[in-house]
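To keep things clear, I will list the structure first and then write my remarks on it.
The values are calculated or read from the model by the stated rules, or taken from the named source; none is laboratory data. Quantities reported herein were computed from a predicted structural model and do not represent experimental measurements. As a convention, Cβ positions derive from the backbone with ideal geometry for all residues, glycine included, and neighbour counts pool all protein chains shown. The protein model used for the area step is the full one, side chains on, heavy atoms only, and it has no ligands, DNA or RNA in it. Shrake-Rupley method; radii C 1.70, N 1.55, O 1.52, S 1.80 Å.
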Amino acid sequence: MATVKNSPLAKSDGTTLKEHIEDCLIVFDQLRASLPVLPVITRLPDFWELLFWAVFFHDLGKIHTEFQKALKRERNYWQHQRHEVYSVAFVEKLVLPEAKKLLIQRAILAHHKSFEKLRERHKFPQDLELELALKWKSDKAYLKTIPKNVKVFHPEDFKANFLYRFHGDDLHQLISDGYHLFQRFFPGNPYPSMQKVTVNRLTDPVISIVKPVLKKPFSPLQEEYWQNLFLWGSLKICDHYGSGKITQIHQLKQEQFRFLDALRNQLIESGADFYPHQKQCAAVKGHCILVAPTGSGKTEAALAWARKQMDSLNGRVFYILPYTASINAMYSRLTKAMGNLAVGLVHGKLQQFLTTLFEDHSHSAQHQLMINQQIKNLSELQRKMVYPLKITTPFQVLKHFYGVKGFEMGLTELAGSCLIFDEIHAYDAITFAQIVTVLQFLHQYMGSRVLVMTATLPTFLLKILEKTLHHPPVIQADKQLLDGFTRHRVHLIDGSLPDNIQLILKQISRKMRIIVVCNTVQRAQEMYKLLQENRLLEASRITLLHSRFNGFDRFNKEKQAYDGKTQVLIGTQAIEVSLDIDYDVMFTEPAPLDALLQRFGRVNRKRRKKLADVYVCSRGGIHDFRIYPEPVVKRTLEALQTVDILHESRLQELLDWVYPHWEPAQQQEFEDTVRSFQSAVAHLQPFRDHREEEEAFYEQFDGIDVLPHQFIQEYERRLLNYDFINAQRYMITLHRGMYFMLRKSGLIERHPIAVPMPDNTVNTQQVLIVKCDYDPDVGLLSQESEIQDIDDQLL
């Protein structure tokens, strides 16, 4: 589309309407290549043709003369109308079946505002045509603003706007260009005829289109539901990405999986091969469940499975992990193996992670602003569907089914996708119930394929997954392999961790690398002080890791955990769930068997010795019952009394003894969540707001960020230098219960910080200050009773 002088604008930055349409159509072409399954799911063979016309017409309402003046910052009488309301009218020029024109029109109408918002701002009742004159005459204030030489009519008089505010020459040229564009993207396809449309045939789309949809919702059982949803989501992707000048949506290619071939060739040359379960996964087409021990190549098996799906399902791949540390590690691992253009990541602290990758020590405020913007842009790019394999948390998938803002684009990206759920055992009953509900939806309606992986999963949970996925192949590591992965000798010891300090010191004197795992932060800090006081090791040889360190110290602690200089690592669930480390001996407080098995996996991980000793105390802390169900912990200790060498082939038997079913409270949570979430998903509607469901989603994340009082000056200095991301890294996330307890004790206060901005405005920020001491080696100190520890699971 050639740009001519005085072409209608699409944006106030000078981008013309023609240029914006072409930018959106570049995205359209990339989307068509990336999600070829959409015509199949929607049962619309001409889905892409309809989307083309939705993109082409979506902003034509901007030709309105008053809108053009508003873009040019000239005096105007636009009165904050909606350009998309006028764009819809031009679709009437297409000679298409009415049902298909209606699909295009609905998507265009909702590409900025929901139907509720469009209805709310519509000032007049249904009989607008009859009462308009009376309403207009009463609006004397507006009448006085209009010069006498300007044609007088109400700004929302739909037909009058077309009679007096649209120039035919602009429209004629654009429609002519549309013919050439259609031929470019659909060579050889018949071009829809264009018909003349008289103004008298037009009706206000808020009345004729919006209100009927709000009155009679769609059902997921209807084809029309998915046609509307995916056409709407696809148009918004084209519009948003086009506005952002995104020109490429990358796709997975077979060469990006060649590292699997290279790895296998290396194994064969050394006289080995992929394990049987890896080969079996690589041959499965469709859903699959994999049960195999940690360290047996489940990641390679999962990617081999994804590669197989690419033969017939060219969609996006989501690698889903429960914890940010493991997500960050997987991102680093897969970008090395598959390349930067294949892999993206999304989680709640993405910008902080990117900051560590692009650390900048400049003190120039202007330079820091530039760095912040680069990190923000990269973060936004990661969240978009630019990269074909996305490593993320389950909550980044679940949120779309709660109707969180942008859910239509998120669901569109999920269409025909491959989802790999790793560490499925790590979730509580509520999250597991949400995942199960989403898996049903993905299977039934969206053409997705799912691989679920675990090292330890009770049989009753496995059966729930099998039923949800309609009984897919369940691939399990064979007994010979399992026996080869036997790595631990279990010792049950009386008392608590502090009671066994001498036994820990004995192992230290033997030069063993030791992990001490506690159930609460308070106990971890206590053990750290006890070992420091004994002075058997230099302070630098003992590392404490838990959730109440700020971002800077947490990052350093994780680095120290991998450092060979650390001989004793003390921590909480942060060790259990997130670190790929390998120590010699473990001492742990009692916990459910699956949690203990995760902890044991941090000892003798690489099987460099035949057996490693793991010591499980019979007593934990007085507040452990708030974290783990007491009956489950009791059954775990009883089961471990029968164990000396922990044979991998016995784990399923032990798990099923400890977990024959949910505990009553967990069972109730599971059933209630499934029921309520199924209802929420069933009520998810195209073109609508879902504020209540969105609030319910965010209520699940009850961590509250606080700033230790020692860091107020440094925090302010960072803000004044516009180093907002690193300022946030001074924060600590507290569980909501702990936060309110500290606030009740007068240890939380609000602190205002005024930040002068480059545009001469002042941004005043309220920061929650916690008046507890903070030590970079010990973390946030509090004498208050423990409520519950925040783990590393984040949005």
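Descriptive notes on the structure:
- Förster radius 60 Å - calculated FRET efficiency between R607 and M757 (Cβ-Cβ, nearest 0.05): 0.60
- Alpha carbon Rg of the range 443-582, scaled by the compact-globule rule 2.2 N^0.38 Å: 1.40
- Loop-located trypsin sites (Lys or Arg not before Pro) across the range 267-332 with a Cβ neighbour count of 10 or fewer within 10 Å are lacking, with loop assigned by DSSP.
- Debye intensity ratio I(q)/I(0), log10, the range 153-221, q values 0.12, 0.15, 0.22 Å⁻¹ (C-alpha model): -0.58, -0.81, -0.99
- Gain on full stretching of the segment that runs from S312 to L221 - 0.36 nm per residue minus C-alpha separation: 30.2 nm
- In summary, the aspartates and glutamates within cross-link reach of K467, defined as a Cα separation below 18 angstrom excluding same-chain residues under 8 places away, comprise E671.
- The range 217-345, relative contact order in percent, only Cα pairs under 8 angstrom and at least six apart counted: 24
- Accessible surface computed residue by residue for the chain, with neighbouring protein chains in place and a 1.4 Å probe, gives 43 Å² per residue.
- For the range 453-574, share of DSSP beta bridges that run antiparallel, in % to the nearest 5: 0
- The range 567-655 has equivalent-ellipsoid semi-axes of 21, 17, 11 Å, by the square roots of 5 times the alpha carbon gyration tensor eigenvalues, sorted largest first.
- Atom-type composition of the exposed protein surface of the range 153-288 places 51 percent of the accessible area on carbon and sulfur (1.4 angstrom probe).
- Cut-off 10 Å between beta-carbons: net charge of the residues surrounding C418, Lys and Arg +1, Asp and Glu -1: +4
- Computed E for D563/E22 - FRET, C-beta separation, R0 51 angstrom, nearest 0.05: 0.45
- Checked against a 30 Å cut-off, the cross-linked pairs K93/K384; K113/K216; K113/K744; K506/K557; K298/K384 give Cα-Cα distances beyond that limit for K93/K384; K113/K744.
- Modelled label positions at F740 and S12, each set 7 Å beyond Cα in the direction of Cβ, lie 4.3 nm from each other.
- Label-point gap, in nm, between E692 and L720 - each point 7 angstrom along Cα→Cβ: 4.8
- Dividing the mean sequence gap of close Cα pairs (under 8 Å, 6+ apart) by how many residues the chain holds gives a relative contact order of 14 percent.
- Helical contribution to [θ] at 222 nm, DSSP H n ≥ 4, -39,500 (n - 2.57), averaged over the chain, rounded to 500: -14000 deg cm²/dmol
- Counting 0.36 nm for each residue step from L341 to D705 and taking away their Cα separation leaves a gain of 127.7 nm.
- Around E669: net Lys/Arg minus Asp/Glu count, Cβ-Cβ under 14 Å: -3
- Carbon and sulfur %, accessible surface of the range 721-771 computed with the full protein complex present, 1.4 Å: 51
- Looking at the chain, the DSSP beta bridges with both ends there are about 30 percent antiparallel.
- Trypsin sites (Lys or Arg not before Pro) within the range 218-258, DSSP loop, no more than 15 other Cβ atoms inside 10 Å: K245, K253
- Efficiency of FRET from Cβ geometry, A99 and E671, R₀ 35 Å, rounded to 0.05: 0.30
- Less than 5 angstrom separates the built amide H of T16 from those of A10, all sequence-distant by 5 or more or on a different chain.
- Peptides ranked, highest mean first, by Cβ atoms within 10 Å: ranges 515-527, 101-113: 515-527, 101-113
- Summing charges over neighbours of R717, with a neighbour being any other residue whose Cβ is under 15 Å away from its Cβ, gives -1 when K and R count +1 and D and E count -1.
- Residue-span extension gain [D169 to A682] - 0.36 nm each, minus C-alpha spacing: 180.0 nm
- Helix 630-640 and the longest principal axis of the C-alpha atoms of the chain enclose an angle of approximately 50°.
- The loop-placed trypsin sites (Lys or Arg not before Pro) in the range 605-707, going by DSSP, that have at most 12 neighbouring Cβ atoms within 10 Å of their Cβ come out as K606, R608, K609, K610.
- Of [x] 2, 12, 20, 22, 19, 13, 7, 4, 1, 0; [y] 2, 12, 18, 19, 17, 15, 10, 5, 2, 0, 0; [z] 2, 13, 23, 26, 19, 10, 4, 1, 1, 0, 0, 0, the label for P(r) over Cα pairs in 10 Å bins from 0, in percent derived from the coordinates: [x]
- D775 paired with R541, simple spin-label distance in nm, labels 7 Å along Cα-to-beta-carbon: 2.0
- Long-range HN-HN contacts of H488 with modeled amide H, under 5 Å: A612, L646
- Stokes-Einstein D (µm²/s) once Rh is taken as the Kirkwood radius of the range 453-530 over alpha-carbon pairs, at 4 °C in 1.567 mPa s: 77
- Angle of helix 324-338 to the longest C-alpha principal axis of the chain, folded into 0 to 90 degrees and rounded to 10: 70°.
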